[in-house]
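S.K.: Can you keep this structure in mind? I'll have questions shortly.
The values are calculated or read from the model by the stated rules, or taken from the named source; none is laboratory data. The model shown is predicted, which means the values in this text are computed figures rather than measured ones. A quick note on method: Cβ atoms are made from the backbone with ideal geometry, for glycine too, and the neighbour counts reach across all protein chains shown. For accessibility, only protein heavy atoms count, side chains too; no ligands or nucleic acids. Shrake-Rupley method; radii C 1.70, N 1.55, O 1.52, S 1.80 Å.
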Amino acid sequence: MKKIGSVIDAMINYYAGDVPRINHFLKVYGFTKAIGEMEGIGDTTQEILEAAALTHDIGIKNSEQKYNSASGYYQQLEGPQEAKELLEKLEFGSGLIDRVCWLIAHHHTYDDIKDIDYQILVEADFLVNAYEEDLSEAAVQKIRTRLFKTPAGISFLDRMYLNRTKRE
């Protein structure tokens, strides 16, 4: 897990000057780290999950350049190769790289989520996107029902978005 700091550094370099994108992946990372630890997923899976969280949107740059779009579909196409190159430079093992690339290639596909790392990445991304996209409480509730499965992710979602108190 000591290498996670190097992934953060590399991703900040990759998105240098793009503070919203940097903030996004750091927030997703924070939620994946917390949910993974709370769910007790184990060190190897936790490391994969954290590396995937940091690199999950790495395909956006190429998607915008090639397709003039940051859509999830294009991110899933463009992201794995970018992540592979970055993680190889940081000397991660091929098993971790392969799994991170698979997660990137599927993180906007919500059918048939079976593996815990995949589940947590999707939940963490939605925890951040709900705020960044200013989703309504009804939209959050729909996402909760459809996608959220981990007790930790559900708890975060409920406390953040479904038990809101109005500020004056």
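S.K.: Name the residues in region 2-16 that are within 17 Å of Asp57 (Cβ to Cβ), touching a residue at least 60 places away in the same chain (Cβ under 8 Å) and not hydroxyl-bearing (Ser, Thr, Tyr), would you?
M.R.: Val7, Ala10, Met11
S.K.: So for region 58-65 (the condition being free of Cβ contacts under 8 Å to residues at least 60 places away in the same chain, of a type in the set (Ser, Thr, Tyr) and open to solvent by 40 Å² or more (accessible area, probe 1.4 Å)), does at least one residue qualify?
M.R.: No.
S.K.: Of all residues in region 42-52, count the ones that are touching a residue at least 60 places away in the same chain (Cβ under 8 Å) and open to solvent by 30 Å² or more (accessible area, probe 1.4 Å).
M.R.: Count: 1.
S.K.: Taking the options Leu26, Leu86, Leu77, name whichever one is within 12 Å of the chain's Cα centre (by Cα), at negative phi, surrounded by 15 or more Cβ atoms within 10 Å (Cβ to Cβ) and assigned to a helix (DSSP H, G or I).
M.R.: Only one candidate passes the filter, namely Leu26.
S.K.: List the pairs whose first member sits in region 66-87 and is within 10 Å of Ala105 (Cβ to Cβ) and in contact (Cβ under 8 Å) with a residue 40 or more places away in the chain, whose second member is surrounded by fewer than 15 Cβ atoms within 10 Å (Cβ to Cβ) and of a type in the set (Ser, Thr, Tyr), and whose Cβ atoms are under 8 Å apart, counting only residues at least 6 apart or on separate chains?
M.R.: Close Cβ pairs (under 8 Å, with a partner that is surrounded by fewer than 15 Cβ atoms within 10 Å (Cβ to Cβ) and of a type in the set (Ser, Thr, Tyr)) do not exist here.
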